[in-house]
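I have placed the structure first, in the form of structure tokens, so that the comments after it can refer back to it.
Please treat every number below as a calculation from the coordinates, not as lab data. These numbers come from a predicted model, not from an experiment. FYI the Cβ positions are ideal-geometry reconstructions off the backbone, even for glycines, and counts take in every protein chain you see.
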Amino acid sequence: AIQMTQSPSSLSASVGDRVTITCRTSQGITNDLGWYQQRPGKAPELLIYAASSLESGVPSRFSGSGSGTDFALTISRLQPEDSATYFCLQHYNYPRTFGQGTKVEI
Amino acid sequence: EVQLVESGGGLVKPGGSLRLSCAASGFTFVSYNMNWVRQAPGKGLEWLSSISGSGSYIYYADSVKGRFTLSRDNAKDSLYLQMNSLRAEDTAVYYCARGENYFDYWGQGTLVTVSS
């Protein structure tokens with residue numbers, strides 16, 4: 001199974017800050033990666049697909065980058081509603097594997 | 001509007017069984033792969049199983065292989081997860097999600113608690 005290493009596990013930032021979360025895979029997965037946001041008590045929501053494509057309806061302050069084994073999710077200007085946990089998920093092969101999650105506190 | 005509604009969760013004793021359902025609406029169910037993902041209390045997300053639109057292809061995580069069975073009824077727009085030989089570590093919120101690669105819609109989840 002492809003191992004996912006997501007970092008940091010948590011971060012604290014201020015409104016307006018730029019934050020970056022990274023996800024590293026144990027083998028190359030081209031761009032077969034998505035990013036999800038999960039607010040407390042809610043189901044996850046898709047933010048980014050194909051490593052860098054913004055899902056419809058997601059604010060443009062979210063962006064994704066990377067390919068191969070190294071990926072990043074960037075929030076350009078942090079907003080209060082961005083307080084959540086963020087996960088990466090690879091779909092290069094089965095079993096699908098998630099990163100451990102990054103809790104973002106404002 | 002796409003909706004996924006899970007049901008069937010509850011309290012079950014170790015070694016027991018439970019069947020989860022996911023009722024889909026607002027899209028052509030047969031055209032989409034479907035998935036189950038779970039989240040233990042205070043933990044991250046764990047992919048469990050995926051099924052193709054026709055039901056011909058099914059994949060499982062090692063943690064549930066041989067104990068859980070995924071199926072779907074396209075006539076009823078429904079997805080099922082039969083869970084047998086349940087263990088304490090299966091305690092989690094179970095989500096169904098739509099998509100082969102990207103999980104673009106998720107249900108609200110159903111809680112399964114395995115405890116004596």
Item checked: Contact order normalised by residue count of chain A, Cα under 8 Å, 6+ apart, percent -> 37
Notebook entry, point to check: What spacing in nm lies between the two simple spin-label points modelled at B:Ala75 and A:Lys42, each 7 Å away from Cα in the Cβ direction?
Noted result: 3.8
Note to self: Run the numbers for B:Lys43 and B:Asp104: contour at 0.36 nm per residue of separation, minus the present Cα-Cα distance, in nm.
What the structure shows: 19.8 nm
Notebook entry, point to check: Taking each residue of B:37-49 in turn, how many C-beta atoms of other protein chains fall within 10 Å of its C-beta, and what is the average?
Noted result: 4
Margin query: For the stretch B:58-102, I need the span (max minus min coordinate) of the C-alpha atoms along each principal axis, in Å, sorted largest to smallest.
Written below: 32, 23, 19
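Considering every residue in B:94-101, what mean count of other chain Cβ atoms within 10 Å of its Cβ is obtained?
Mean inter-chain Cβ contacts per residue within 10 Å come to 3.
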Margin query: Students often check this: by mean Cβ neighbours within 10 Å, which of A:80-90, B:50-60 ranks highest, and how do the rest follow?
Written below: A:80-90, B:50-60
Next item on the list: Rank by packing, highest mean first: peptides B:91-100, A:40-49, with packing defined as the count of other Cβ atoms within 10 Å averaged across residues.
Entry: B:91-100, A:40-49
Item checked: Percent of C-alpha pairs per 5 Å bin, the protein assembly as shown, short to long -> 1, 7, 15, 18, 19, 16, 12, 7, 3, 1, 0
Notebook entry, point to check: Under unit Cβ charges (Lys, Arg +1; Asp, Glu -1), what dipole magnitude, rounded to 20 debye, does the protein assembly as shown have relative to its Cα centre?
Noted result: 420
Check: In straight Cα distance, which aspartates and glutamates are under 15 Å from B:Lys65, not counting same-chain residues fewer than 8 positions off?
Finding: B:Glu46, B:Glu89, B:Asp90
Notebook entry, point to check: When all C-alpha to C-alpha distances in the stretch B:28-116 are sorted into bins of 5 Å, what percent of pairs does each bin hold, rounded to whole numbers?
Noted result: 3, 14, 26, 26, 18, 9, 3, 1, 0
Item checked: Convex hull volume per residue for chain A, taking Cα atoms only, in Å³ -> 86
Margin query: For the ranges B:102-108, A:55-61, B:64-70, A:4-10, what's the packing order if you count other beta-carbon atoms within 10 Å of each residue, average per peptide, and put the highest first?
Written below: B:102-108, B:64-70, A:4-10, A:55-61
